[in-house]
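Engineer: Mind looking over this structure? Questions follow.
The values are calculated or read from the model by the stated rules, or taken from the named source; none is laboratory data. All figures in this text were calculated on a predicted structure; none of them were measured in a lab. No Cβ is skipped: glycine too gets one built from the backbone with ideal geometry, and neighbour counts run over all protein chains shown.
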Amino acid sequence: MPHLFSPLTIKNITLRNRIGVSPMCQYSSDDGFPNDWHLVHLGSRAVGGAGLVIAEASAVEARGRISAEDLGIFSDQHIEAFQRVTDFIKAQGAVPGIQLAHAGRKASTYAPWKREDYGVNLPDDDGGWEVVGPSAIPFSEKYRTPQELTVEGIQEIQEAFRQATIRSREAGFQWVEFHAAHGYLAHSFYSPLANERNDQYGGSFENRLRFTIETVRVIRSEWPEDLPFTVRISSSDWADGGWTLDDSVELSKRLKAEGVDLIDCSSGGNTPNPNIDVGSGYQVAFAEKIRQGADIRTAAVGLINEGMQADDHIRNGRADLVLMAREMLRDPYFPYRASRDVHQTEKLDIPPQYDSASTVMGTLCALFLCITPDVSNIYPQWTE
Ligand SMILES: Cc1cc2nc3c(=O)[nH]c(=O)nc-3n(C[C@H](O)[C@H](O)[C@H](O)COP(=O)(O)O)c2cc1C
């Protein structure tokens, strides 16, 4: 029976354990480029023992950023900067992932700490831009009204996903996730709450899925067959008349048929005040139902903060992988702590720099050198 510290193999990639760092926007980029902040933020969680480290929502075109400070992979110049991050993550034994995103009608906002109320529209005279969506319905009165995408406009965005997939591969990512959740572009197409189109991209269930399925095909066509490809969905809109868990099971069956390896089961984000029943592991039931109903691997995410809790979800077959966000911000070394909690310390290699056994040896060596009058015979190079 797999547990939290069992490896997970998908295609040619093996995660050393079932703990992943969930994508988290850092609002710290200039023109989409990852910088020292991203290297340290993502790198330290790889050092901390996570099996998978997924970089935040990375926009496939500049217009698809939530804020001007979002990460992006919309030009070839971004590749080298990401490579530095992926090299470091791999060197720590973790797998680097990227979440490819387009914010759609929720784009062009201030970074959260720039304004008190999150999601405030970034106006034109402060660097804002026109946003797009399936229909001209704003997310809320604080957001811009999107321009309804034409079919040509949809194809241009899908081409941007293609280019971003190629760049992700070249940047050394080994895991790609399509962000189709949280009210961003793909979710706003499949949810009836944001899509009032009456062409082939709106109306019926099949038509509302079309944007997501087509984009998945585009990504799949450029992403190597031997690397994992996952999709984050909002499993429920938590709103009357909205997207439901049963819809998610149906969508997941289709995504599996398109070659998607795992569904990352989040929820909400498509209405300003959803009626979410927040509590311990409140989205895990989504991962469990989709895993069973669509016969596909799932990741559980949302208020999973304890080792035993995370282990329980894996052991009892509710999910194949646990993704964690806020607890990873509080403690990048959560996997080490969890390995003690669930009695699996031998399953997680501690970096030699941090290993208590080698630290003790180092202290003893230093002590020995201090009390030895002439070390030149022992370490001649130190006295040259
Ligand atoms: C600071 C922060 C930034 C986030 N950015 C993203 C993101 O880029 N993409 C995404 O899909 N979810 C994002 N999320 C949601 C998390 O990935 C996760 O699904 C959510 O926080 C629930 O997990 P938790 O209870 O472990 O925090 C973000 C969450 C936080 C706290």
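Engineer: Looking for something of a type in the set (D, E) and either outside the structural domain of F205 (by TED's automatic domain parsing) or in a loop (DSSP other than H, G, I, E, B) (or both) - is there at least one such residue anywhere in region 240-251?
Structural biologist: Looking for residues that are of a type in the set (D, E) and either outside the structural domain of F205 (by TED's automatic domain parsing) or in a loop (DSSP other than H, G, I, E, B) (or both), one finds at least one in region 240-251, hence yes.
Engineer: Here's a follow-up. Counting only residues that are in a loop (DSSP other than H, G, I, E, B) and away from the ligand (no atom under 11 Å from the Cβ), which one in region 8-24 is surrounded by the fewest Cβ atoms within 10 Å (Cβ to Cβ)?
Structural biologist: Going residue by residue through region 8-24, those that are in a loop (DSSP other than H, G, I, E, B) are 11-12, 16-18, 22-24.
Next, from what is left, pick out any that are away from the ligand (no atom under 11 Å from the Cβ): 11-12, 16-18.
Working: K11: 14, N12: 11, R16: 20, N17: 26, R18: 27.
Applying the filter and picking the extreme gives N12.
Engineer: Please find, within region 163-179, the residue that is nearest to the chain's Cα centre (by Cα) out of those that are assigned to a loop (DSSP other than H, G, I, E, B) and away from the ligand (no atom under 16 Å from the Cβ).
Structural biologist: Only one residue fits best here, namely Q174.
Engineer: Can you spot a residue in region 29-39 that is closer than 17 Å to T165 by Cα and either within 13 Å of the ligand (Cβ to nearest atom) or in contact with a Lys or Arg (Cβ under 9 Å, 6 or more places away or on another chain) (or both)?
Structural biologist: Yes.
Engineer: Output the residues belonging to region 275-306 that are assigned to a loop (DSSP other than H, G, I, E, B) and away from the ligand (no atom under 15 Å from the Cβ).
Structural biologist: First, the residues of region 275-306 that are assigned to a loop (DSSP other than H, G, I, E, B): 275-283, 295-296, 302-306.
Selection gives N275, D295, I296.
Engineer: Does region 202-215 include one or more residues that are assigned to a loop (DSSP other than H, G, I, E, B) and touching a Leu at 6+ places or on another chain (Cβ under 9 Å)?
Structural biologist: The answer is no; no qualifying residue exists.
Engineer: Sticking with this structure for a sec: Identify, from the list E56, E69, the residue that is in contact with a Phe, Trp or Tyr (Cβ under 8 Å, 6 or more places away or on another chain) and not in a helix (DSSP H, G or I). Explain how you work it out, then say what you get.
Structural biologist: Numbers: E56 fails: in contact with a Phe, Trp or Tyr (Cβ under 8 Å, 6 or more places away or on another chain).
Only one candidate qualifies: E69.
Engineer: Mind listing whichever residues of region 307-322 are away from the ligand (no atom under 16 Å from the Cβ) and either surrounded by fewer than 14 Cβ atoms within 10 Å (Cβ to Cβ) or free of Cβ contacts under 8 Å to residues at least 24 places away in the same chain (or both)?
Structural biologist: Across region 307-322, the qualifying residues are N316, G317.
Engineer: Check region 249-258 and report whether any residue there is in contact with a Pro (Cβ under 8 Å, 6 or more places away or on another chain) and surrounded by fewer than 15 Cβ atoms within 10 Å (Cβ to Cβ).
Structural biologist: Of region 249-258, the ones in contact with a Pro (Cβ under 8 Å, 6 or more places away or on another chain) are none.
Scanning region 249-258, I find no residue that is in contact with a Pro (Cβ under 8 Å, 6 or more places away or on another chain) and surrounded by fewer than 15 Cβ atoms within 10 Å (Cβ to Cβ), so the answer is no.
Engineer: Report, by residue number, each residue of region 68-125 that is of a type in the set (A, V, I, L, M), more than 30 Å from T9 (Cβ to Cβ) and in contact (Cβ under 8 Å) with a residue 24 or more places away in the chain.
Structural biologist: Once the filter is applied, which keeps residues that are of a type in the set (A, V, I, L, M), more than 30 Å from T9 (Cβ to Cβ) and in contact (Cβ under 8 Å) with a residue 24 or more places away in the chain, region 68-125 yields A68, A103, A107, A111, L122.
Engineer: Scanning region 323-345 for residues that are over 18 Å from the mean Cα position of the chain (by Cα) and assigned to a helix (DSSP H, G or I), which turns out nearest to the ligand (Cβ to nearest atom)?
Structural biologist: Among those residues, the one meeting the criterion is A338.
Engineer: Out of all the residues in region 180-223, which are closer than 26 Å to I13 by Cβ, within 16 Å of the ligand (Cβ to nearest atom) and either small (G, A, S) or over 21 Å from the mean Cα position of the chain (by Cα) (or both)?
Structural biologist: A180, A181, A186
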